[in-house]
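The values are calculated or read from the model by the stated rules, or taken from the named source; none is laboratory data. Please read these numbers as outputs of a predicted model, since none were measured by experiment. For neighbour counting, all protein chains shown are included, and Cβ atoms are generated from backbone atoms with ideal geometry for every residue, glycine included.
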C-alpha cells in the first residue's frame, strides 16, 4: 500500500459512515468503488423510504468522494428508484427483433 493511501475496505467503511452521518440515511450496499484522478469514488445505495410491500421501497444512490487518505470531499445523489425496478448495466443494450 502506498503511503497515505487507504485500503478499499477502509474507504468503503468511511463512505458508509459519511452516508449515515451527513445524509442521515441507512446504507444498504456498496454499488462500486474505485480511484479516479487521485480520489476515491464510492457509489452507495441507501433506503430513502420504506414501503409495504418492500418492492415499493425507494432506494437512492449516492456518489461519495474521498481523498486518498480518507477525507470526505463531497457527495451527490445520482438517482432514486423503486426496489422492484430492474437495473441494467450501462454497457448492456437491448436488441429487439421481430
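For region 46-71, enumerate the residues that are within 12 Å of the chain's Cα centre (by Cα) and more than 14 Å from residue 84 (Cα to Cα).
Matches in region 46-71: 46, 61, 62, 63, 64, 65.
Being free of Cβ contacts under 8 Å to residues at least 40 places away in the same chain and within 20 Å of residue 10 (Cα to Cα) narrows it down to one residue among 46, 64; which is it?
Details: 64 fails: free of Cβ contacts under 8 Å to residues at least 40 places away in the same chain.
When all the criteria are applied, what remains is 46.
If you go through region 23-41 one residue at a time, how many are within 23 Å of residue 82 (Cα to Cα) and touching a strand residue (DSSP E or B) at 6+ places or on another chain (Cβ under 7 Å)? Write out each step before concluding.
Residues of region 23-41 that are within 23 Å of residue 82 (Cα to Cα), as a first pass: 23-33.
Now drop any that are not touching a strand residue (DSSP E or B) at 6+ places or on another chain (Cβ under 7 Å), which leaves 23, 25-33.
Matching residues across region 23-41 total 10.
Can you list residue pairs whose Cβ atoms sit under 7 Å apart, with the first residue in region 69-98 being assigned to a loop (DSSP other than H, G, I, E, B) and the second being surrounded by fewer than 12 Cβ atoms within 10 Å (Cβ to Cβ) and at pLDDT below 75? Count only pairs 6 or more apart in sequence or on different chains.
69/4
Those residues that are touching a helix residue (DSSP H, G or I) at 6+ places or on another chain (Cβ under 7 Å), at pLDDT below 95 and closer than 19 Å to residue 30 by Cβ, I need them from region 71-98; list them, please.
Result: 83, single match.
Would you tally the residues in region 7-30 being closer than 24 Å to residue 49 by Cβ, in contact (Cβ under 8 Å) with a residue 40 or more places away in the chain and either touching a helix residue (DSSP H, G or I) at 6+ places or on another chain (Cβ under 8 Å) or surrounded by 18 or more Cβ atoms within 10 Å (Cβ to Cβ) (or both)?
Residues meeting the conditions: 3.
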